[in-house]
Amino acid sequence: MAVKILENIYEKVDKVPTRDGLGKGLLELGATHPEVVVLCCDLTESTRVQWFAEKYPDRYFEVGVAEQNMAGIAAGMASEGKVPFIASYAVFSPGRNWDQIRVSLCYSENDVKIIGAHAGVSVGPDGATHQALEDIAIMRCLPNMTVLSPCDWIEAKKSTFHAIDNKLPVYFRLTRDKVPVITTEDTPFKIGRAEVFRDGSDVTLVASGQLVYEALIAANELKKEGISARVINNHTIKPIDKTTLINAAKETGAIVTAEEHQVMGGLGSAVAEVLSEHYPVPIKYVAVMDRFGESGTPDELMVKFGLKSKNIMEKAREVLKMKR
Amino acid sequence: MTFQKLTDLRQLKLMANTIRQDTLRSLLEAKSGHSAGPLGLADFFSAMYFNILNHEPKNPKWEFRDRFVLSCGHVCPVQYTAMANAGYFPKEELMTLRKLGTRLHGHPHNGSLPGIENSSGPLGQGTSQAVGKALAARMEGKKHYIYCLTSDGEHNEGQPWEAWMFAAKYKLSNLIAFIDRNYIQIDGNTENIMPLDPLDEKYRAFNINTISVDGNDISAILNAVDSAKKSGKFSMIILNTIPGKGVSFMEKKYEWHGKPPNDAEYDLAIKELLSERQRIENETF
């Protein structure tokens, strides 16, 4: 049964960047959790940790452009009881400090939260160097790491509160561009639990980040063609919700995954790992196909890289042909 | 139970000699690991674990302990030996070094052995963690010190420089760092691999209180730490050490950076160390 999300999203949606949700969540956590501290690498405004920094200047530390140092300092603070959130663009953190995240955070079990802002091609005009498309792959292979890719700003805010209860490292993948608001404060959210956002019986669209909205639009359009598509919001890429995925495979018999990430190592791979072992069904992938991004407006790039609802619809039609 | 520090210089020198012998024994047993660095650091580890650190080996999580952060994780055999002699764990366990099921991994893991403050091995990572520990302690108004040992080869990495810049910026006077300046790394002499001299001038240019001492002179190390504490600044103590110190055929030889002794070399080394022990016992202060 689908959970309750915002009504009328098929007609009209507001748009807010997911980084705003984390920034707001952090501000609220500041009041309730004195152990929370924030470190940033010269990107205070654009990662939205500025809001925390202004309210709690004694718990905010500017590290300069040094992501490896930031991860290490945070690990040291975590080992002494603080809960540091480290903020930068995803291409830099975790892009440039993977070894520090591996050893100083994950292997050492230091509770540090990583804010990876500006993920995906929807970063836009900054171009390929600043568009993280590999971050999920390099984070989800690390023991002790949790990987979250919230679908909208409200979910990003909720994930902040839930992540604080998880006493191990968490990676938040966030967007620069405004993305459709599709959930409400009451939409259920639990780390490690994927939610069905729309019921369907012919095929399941498993999406994360802003592709959840595109999947919902795709499902709504496919209905007009007589195809009943289930939509799953798979915000937690690790640990992945096997039960919800296996049930979807059993009940619909075909899967399309959708994400703003390289096809290798991301959500699609994670879903395939689960289903190929437990309940193999045909899968098609909507993702970035082993190439780098480029400059352009966010929407132009989402179209060019095939990350829109019409691409999800095409893959759904294709996977249905493979269904036994 | 409060740990009884050694305050007598002869006792500290004898402990350094014991640490050298025990370290070589564990390396012989392990059949792999680093020899030169640990031998060169035995005097430092005797001073650190038996005089400088406020700690309780039987209560390794004691809140008010000083923190010792090893950043150049590959020299851990000498740290394990110092810890065992201080009472953190039975000395027999030194024979499990690098073996399956051990708590004494080839590079240290904080989750395996109580008393190890941080996991290390990938060079540079301990420096930032030490900075983080110092920052957290200061936020809490805690009075303990954070000591961090790095190596000179480690300074090929960018991370130590990033960490010390931060320590200087935030004036972390509760942090005292050391560099094992032994001029060797795996591929050869540090000045051939990637020149670091003049290291002390580089640190002074970073606005860091820099002290350079003979790293095999225990009283010089103790005086340097006193001076660092009195400075009220983040301080860097450069330990000019002789790699392989105490074993003539290992001294200053980079070939001994990353290998253990064989049986014959071990016997020869112990013979030299026993005669040195005799000399310390007869030394007049």
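Between A:ASP126 and A:MET289, what is the FRET efficiency for a Förster distance of 25 Å, r being their Cβ-Cβ separation, to the nearest 0.05?
So, using R0 = 25 Å, E works out to roughly 0.75.
For segment A:1-78, compute Rh as the Kirkwood radius over C-alpha pairs and then the Stokes-Einstein diffusion coefficient at 10 °C and 1.306 mPa s; write the answer in µm²/s, rounded to an integer.
109
Report the equivalent ellipsoid semi-axes for chain B in whole Å, largest first, defined as the square roots of five times the eigenvalues of the gyration tensor built from alpha carbon atoms.
Equivalent ellipsoid of chain B: 27, 21, 19 Å, largest first.
Taking only DSSP H segments of four or more residues, each worth -39500 (n - 2.57), what value at 222 nm results for chain A once the sum is divided by all its residues, to the nearest 500 deg cm²/dmol?
After summing the helix terms and dividing by residue count, I get -10500 deg cm²/dmol.
Over the Cα atoms of segment A:104-217, Rg to Rh with Kirkwood Rh, two decimal places?
Here the Rg-to-Rh quotient is 0.97.
What Kirkwood hydrodynamic radius do you get for chain A when you take the inverse of the mean 1/r over all pairs of distinct Cα atoms, in Å?
With all distinct Cα pairs of chain A included, I get 19.4 Å.
Could you tell me which GluC sites (Glu not before Pro) in segment A:4-56 are loop residues by DSSP with no more than 14 other beta carbons within 10 angstrom of their beta carbon?
Here the GluC sites (Glu not before Pro) that fit, given the DSSP loop and packing criteria, are A:GLU7, A:GLU11, A:GLU45.
Which stretch or stretches of segment A:121-160 have amide N atoms under 13 Å from the point lying 7 Å from A:THR32's Cα along the Cα→Cβ direction?
Within reach of a label on A:THR32: A:157-160.
Can you give me the distance in nm between label points at B:LEU274 and A:THR297, each placed 7 Å from the Cα along the Cα-to-Cβ direction?
About 8.5 nm separates the two model spin labels.
Could you state the orientation-averaged shadow area of the convex hull built on the Cα atoms of segment A:236-324, in nm² to one decimal?
One quarter of the hull surface, i.e. the mean projection, equals 6.1 nm².
Which of A:CYS40, A:CYS141, A:CYS151 moves most in a GNM of chain A, Cα contacts under 10 Å?
For chain A, modelled as a Gaussian network with Cα springs under 10 Å, the answer is A:CYS141.
With only alpha-carbon atoms in the gyration tensor, what are the semi-axes of the equivalent ellipsoid for segment B:124-227, in Å, largest first?
24, 17, 12
Contour minus end-to-end for B:GLU29 and B:ARG204, with contour as 0.36 nm per residue of separation and end-to-end as the Cα-Cα distance?
So the chain would gain 58.8 nm between B:GLU29 and B:ARG204.
What FRET efficiency do you get for A:LEU6 and B:ARG103 if R0 is 41 Å and r is their Cβ-Cβ distance, rounded to the nearest 0.05?
The formula returns an efficiency of 0.20 here.
Roughly what would the spin-label model give for B:PHE249 and A:SER276, points 7 Å off Cα along C-beta, in nm?
5.4
In square angstrom, what is the accessible area per residue of the protein assembly as shown with a 1.4 angstrom probe?
Value for the protein assembly as shown: 38 Å² per residue.
Taking each pair of different alpha-carbon atoms in segment A:15-180 once, compute 1/r for the pair, average those values, and report the inverse of that mean as the Kirkwood hydrodynamic radius in Å to one decimal.
On the way: mean 1/r = 0.0661 Å⁻¹.
So the Kirkwood estimate lands at 15.1 Å.
Using R₀ = 35 Å, calculate the FRET efficiency as 1/(1 + (r/R₀)^6) where r is the Cβ-Cβ separation of A:GLU54 and B:LYS259; round to 0.05.
0.05
For segment A:277-324, take the convex hull of the Cα atoms, compute a quarter of its surface area, and give me that in nm², please.
So the mean shadow area of the Cα hull is 4.5 nm².
Please list the three semi-axes, largest first and in whole Å, of the ellipsoid equivalent to the protein assembly as shown, using sqrt of 5 times the eigenvalues of its alpha carbon gyration tensor. If you can, show how the numbers build up before the last one.
Details: eigenvalues 575, 121, 80 Å².
The three semi-axes for the protein assembly as shown are 54, 25, 20 Å.
Rg(Cα) of segment B:122-177 divided by 2.2 N^0.38 Å?
1.08
Which of A:LYS15/A:LYS242; A:LYS113/A:LYS158; A:LYS223/A:LYS315; B:LYS91/B:LYS245 have a Cα-Cα distance over 19 Å?
Table pairs above 19 Å Cα-Cα are A:LYS15/A:LYS242; B:LYS91/B:LYS245.
When the solvent-accessible surface of protein heavy atoms is calculated with a 1.4 angstrom probe, in what order do B:PHE3, B:PHE64, A:PHE197 fall, highest first?
B:PHE64, B:PHE3, A:PHE197
At a 1.4 Å probe radius, which order do B:TYR254, A:TYR213 fall into by accessible area, largest first?
B:TYR254, A:TYR213
On a 0 to 90 degree scale, rounded to 10, what angle separates helix B:9-30 from the longest Cα axis of chain B?
It works out to around 70 degrees.
Quick one: if you stick a label point 7 Å off each Cα along the C-beta vector at B:GLU140 and B:ASP214, how many nm between them?
For the pair B:GLU140/B:ASP214, the computed spacing is 3.9 nm.
Rounded to the nearest 500 deg cm²/dmol, what is the calculated helix-only ellipticity per residue at 222 nm for chain B, with -39500 (n - 2.57) per DSSP H run of length n ≥ 4?
Calculated from helices alone, the mean residue ellipticity at 222 nm is -12500 deg cm²/dmol.
Report the one residue of B:TYR49, B:ASN216, B:MET194 whose Cα lies farthest in the direction of the positive end of the charge dipole of segment B:9-282 (charges on C-beta: Lys and Arg +1, Asp and Glu -1; origin at the Cα centre).
Checked the options; the winner is B:TYR49.
If you place +1 on the Cβ of every Lys and Arg, -1 on the Cβ of every Asp and Glu, and leave all else neutral, what size is the dipole of chain A about its Cα centre, to the nearest 20 Debye?
820
If one takes the accessible area of chain B alone plus chain A alone and subtracts that of the pair, with a 1.4 Å probe, what total in Å², rounded to the nearest 100, results?
2000
For helix A:153-165, report the angle its Cα long axis makes with the longest principal axis of the Cα atoms of chain A; keep it between 0 and 90° and round to the nearest 10°.
Compared with the principal axis, the helix lies near 60 degrees.
On a 0 to 90° scale, report how tilted helix A:18-32 is relative to the longest principal axis of chain A, with both axes built from alpha carbons and the result rounded to the nearest 10.
50
A:LYS284: which aspartates and glutamates have alpha carbons under 13 Å from its alpha carbon, excluding same-chain residues fewer than 8 sequence positions away?
A:GLU259, A:GLU314, A:GLU318
Ordering A:PHE161, B:PHE44, A:PHE189 by accessible area with a probe of 1.4 Å, largest first, what comes out?
So the residues, ranked largest to smallest area, are A:PHE161, A:PHE189, B:PHE44.
The values are calculated or read from the model by the stated rules, or taken from the named source; none is laboratory data. Treat the numbers as computed from the prediction; the structure is a model and nothing was measured. Cβ atoms come from the backbone with ideal geometry, glycine included; neighbour counts cover every protein chain shown. Areas reflect the complete protein model, heavy atoms only, side chains present, ligands, DNA and RNA absent. Shrake-Rupley method; radii C 1.70, N 1.55, O 1.52, S 1.80 Å.
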